[in-house]
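Before any comments, here is the structure.
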Amino acid sequence: MTHRYNRLVKKLLSFGLCSLALLLLTSCAKDIQNTEAVRQGVLDYLKQRSSEIGINMDAMDVKVTSATFEKDVARAAVSFVPKGMPGNGGMAMNYVLDRKGDKWAVRGRQTSPASPHGGELPSGAAPSGPLPPGHPPAASTETK
């Protein structure tokens, strides 16, 4: 009787330990499918490139306005506004990020069909500088 009891206890104990180990392993995987993790990935990317782009990211308010997740890929719309700037100024960019461990890493910007260059002008703003040769005149927004 004692021998049978010991075998049962060993089986239950080993089953319990295996279950606990499985639970610990699955709970250690960090859930990064959220806008804050995406925001941090974009900030890390831009801070690495700060000397190239010439922008002090500490002086910007960065907000992920939307994000979608597909397995190990995130697509995000991110707005950038200088700290203390009133109104809806600033700019918006789209990014594609890949999961690298427990962080998001920017793959590159995703251009929108409306603007193949990635950024958009604020409403009412016109590009500055001369038009290319042969380009028809653009309507002016200035009042004379």
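So the values come out like this:
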| quantity | calculated |
| --- | --- |
| Lone unmet requirement of (1) at pLDDT below 85; (2) loosely packed, with under 12 Cβ neighbours inside 10 Å for Lys100 | (1) |
| Residues of the range 49-65 satisfying the condition of being more than 15 Å from the chain's Cα centre (by Cα) and under 18 Å from Lys103 (Cα atoms) | Arg49 |
| Restricting the range 58-89 to residues that are touching a Lys or Arg at 6+ places or on another chain (Cβ under 9 Å) and part of a loop (DSSP other than H, G, I, E, B), the residue that is surrounded by the most Cβ atoms within 10 Å (Cβ to Cβ) | Asp72 |
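Yes/no matrix, rows are residues, columns are (1) over 15 Å from the mean Cα position of the chain (by Cα); (2) at pLDDT 55 or above; (3) of a type outside the set (Val, Ile, Thr); (4) farther than 28 Å from Val42 by Cβ:
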| position | (1), (2), (3), (4) |
| --- | --- |
| Met85 | yes, yes, yes, no |
| Ser112 | yes, no, yes, no |
| Pro122 | yes, no, yes, no |
| Gly129 | yes, yes, yes, yes |
| Pro132 | yes, yes, yes, yes |
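The values are calculated or read from the model by the stated rules, or taken from the named source; none is laboratory data. Model, not experiment: these values are computed from the prediction. We place every Cβ from the backbone using ideal geometry, glycine too, and count neighbours over all the protein chains shown.
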